[in-house]
Amino acid sequence: VFYLTGKSGWGKSSLIADIRGRCRNKHYKNKFYTLAIDSRSALSSNFVALSFERLIKNAMNDGFIKKTLFNKELSFTSTYDLLNSESIKEILYNLKTHNKALILIFDQFEDIFRKEGLFKTFYKFLVDVTDFQGNLIIGFSWKTEILIPSENEAYHLWQQAKEQAQPFSVSAFGSKEINGIISQLEGSIGKIEIELKRRLVESSQSFPWLTKKLCIHVYDQIKSG
């Protein structure tokens, strides 16, 4: 289990998209299969089970897991106990045998706490994945400015969940990263003036998305004359 932390707009979702993209490249496509889920789409208490089921079915449909290997219909013991059914055990055993891993990432994870009772199911899933120590990786992203009040019923479970997970911190864009994006812009339109560079750096406010949006705006303006 791992989690990504960083302030809103610092690129956590972009990093998750990059992880998913790299898992599809020539080097990794037969080793890792990744599905990213937006936690804001959680509408029922079955959200975790539905997400896990979607990961497995997508992996089967894309040929990462061979359907012909399994005689049992995909099923769960319950929507609260996701790893104990015979069909899931068979899939996880096969992943380990072939040195493959499934990766399920919940983006915008702080939204889980707005759905009453949903975090208990998620916490049970995290504990089971940690105890299993198999070829199943669960990740989630978390905005550092979001704090859970101690009176929230999920507060202590959340603290325990973080202790079980490997943290990765996404930091703000520094001058090196911003200048790298501006260099990409110059590669498309030619050298730009120092003053414009300075304004781009100041206006970007160290946000990756804003830096890119400003550079695209400059590109469009220059191309349109």
> Within region 188-211, which residues are over 15 Å from GLY11 (Cα atoms), among the small types (Gly, Ala, Ser) and in a loop (DSSP other than H, G, I, E, B)?
Replying inline: GLY190
>> Need a quick list: strands (runs of 3 or more DSSP E) entirely within region 68-187 having at least 2 residues that are of a type in the set (A, V, I, L, M).
In response: 101-107, 136-143
>> Need the failing condition index for GLU186 against (1) under 26 Å from the mean Cα position of the chain (by Cα); (2) modelled with pLDDT of 90 or more; (3) not hydroxyl-bearing (Ser, Thr, Tyr), just the number.
In response: (1)
> If you scan region 20-44, which residues turn out to be under 23 Å from LYS143 (Cα atoms), open to solvent by less than 80 Å² (accessible area, probe 1.4 Å) and part of a loop (DSSP other than H, G, I, E, B)?
Replying inline: ALA42, SER44
>> Suppose we filter region 204-225 for residues that are of a type in the set (Ser, Thr, Tyr) and surrounded by fewer than 12 Cβ atoms within 10 Å (Cβ to Cβ); how many remain?
In response: 1
> Of all residues in region 134-159, which are open to solvent by 60 Å² or more (accessible area, probe 1.4 Å) and either acidic (Asp, Glu) or at pLDDT 90 or above (or both)?
Replying inline: GLU145, GLU151, GLU153
> Counting just the residues of region 160-200 that are open to solvent by 40 Å² or more (accessible area, probe 1.4 Å) and in contact with a Ser or Thr (Cβ under 7 Å, 6 or more places away or on another chain), which one comes out farthest from GLU145 (Cα to Cα)?
Replying inline: GLN164
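Restricted to region 45-88, and to residues that are small (Gly, Ala, Ser) and more than 19 Å from ASP107 (Cβ to Cβ), which residue is modelled with the lowest pLDDT? Reasoning before the result, please.
Filtering region 45-88 down to residues small (Gly, Ala, Ser) leaves 45, 49, 51, 59, 63, 75, 78, 85, 87.
From what's left, more than 19 Å from ASP107 (Cβ to Cβ): 45, 63, 75, 78, 85, 87.
Working: SER45: 76, GLY63: 90, SER75: 82, SER78: 84, SER85: 88, SER87: 87.
Ranking the candidates gives SER45 first.
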> Of the numbered conditions (1) under 20 Å from the mean Cα position of the chain (by Cα); (2) farther than 22 Å from ALA165 by Cα; (3) surrounded by 15 or more Cβ atoms within 10 Å (Cβ to Cβ), ARG54 satisfies every one except a single condition; which is it?
Replying inline: (3)
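The values are calculated or read from the model by the stated rules, or taken from the named source; none is laboratory data. Values in this document were obtained by computation on a predicted structure and should not be read as measured data. All Cβ positions, even for glycine, are placed from backbone atoms using ideal geometry, and neighbour counts span all protein chains on display. Keep in mind that these areas ignore ligands, DNA and RNA; they rest on the heavy atoms of the full protein, side chains included. Shrake-Rupley method; radii C 1.70, N 1.55, O 1.52, S 1.80 Å.
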